[in-house]
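Below you'll find the structure, written out as C-alpha cells, and then a few comments.
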Amino acid sequence: ANGARPGAAEDLRKRFEREAQVTASLRSPHTVGLYDFGVASDDTLYYSMELLDGITAERFVYECVAIEPRRAVHWLRQMCHSLDEAHARPRPLIHRDQRPGTVADERISRPRIFCRDPDGVDRRSADRAIDRHADANAAI
C-alpha cells in the first residue's frame, strides 16, 4: 500500500539489530558506548548510547575556531582507530555517515564517533550538553 517492498521493514529491523550488536561489542576508547537497543511497543527502533559532554567537530569549527592541522591529525588518528576496529570484524560494520557533525570531542581532546538509527536519533538531550560545553569554551 505504501510502496515499500514486502519484508522491507523486517530487513531494516534485522540490519539495525545486527549493527547495534556489533556497535555494542566495540571497545575502542574512541567509540561511543552502546548500552541497550531494541524495538519499542510502537515498533520504533531505538538504542541507548553514552551521552557525550562535548562538542562536535562541526560545531567547534563554526562556533569556536578553525581546527589547527596538529589537532586535526590527532582527531583523525583516533577516528581511524575506532573505524579500524569496526572494519576488522568478520562482518565489518561500515559507518555510513562519517562527517564533522558525527565526531564529538569531549574536553576538546578525545573525539568519538557516534551513530544514528536508520531514521535519525532524537539528540535533544545530547545537543543541550554540547551547547553547555560550547558556551563554556567559547573563548578556545
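Observations on the model:
- This model, with +1 at the C-beta of Lys and Arg and -1 at the C-beta of Asp and Glu, gives the range 1-90 a dipole about its Cα centre of some 360 debye.
- Here's the picture: charge each Lys and Arg Cβ at +1 and each Asp and Glu Cβ at -1 in the range 1-82, and of SER41, ALA72, PHE16 the one pushed furthest to the positive end of that dipole is ALA72.
- The range 33-44 - phi-based ³J(HN,Hα) in whole Hz, Karplus 6.51/-1.76/1.60, Gly and Pro as x: x, 10, 9, 7, 7, x, 10, 6, 4, 8, 6, 6
- Fully extended contour minus Cα-Cα distance, from ALA4 to ARG70, at 0.36 nm per residue: 19.0 nm
- Residue-normalised accessible area of the range 1-69, given per residue in Å² at a 1.4 Å probe: 63
- Annotation: amide H of THR56 within the under-5 Å range of ASP105, sequence separation 5 or more or interchain, hydrogens built in the peptide plane.
- Packing rank of 54-61, 17-24, where each peptide gets the mean count of other beta carbons within 10 Å, highest leading: 54-61, 17-24
The values are calculated or read from the model by the stated rules, or taken from the named source; none is laboratory data. Quantities reported herein were computed from a predicted structural model and do not represent experimental measurements. When we count neighbours, we look across all protein chains shown, and the Cβ atoms used for this are built from the backbone with ideal geometry, even at glycine. Protein only, heavy atoms only, side chains kept; ligands, DNA and RNA dropped before computing areas. Shrake-Rupley method; radii C 1.70, N 1.55, O 1.52, S 1.80 Å.
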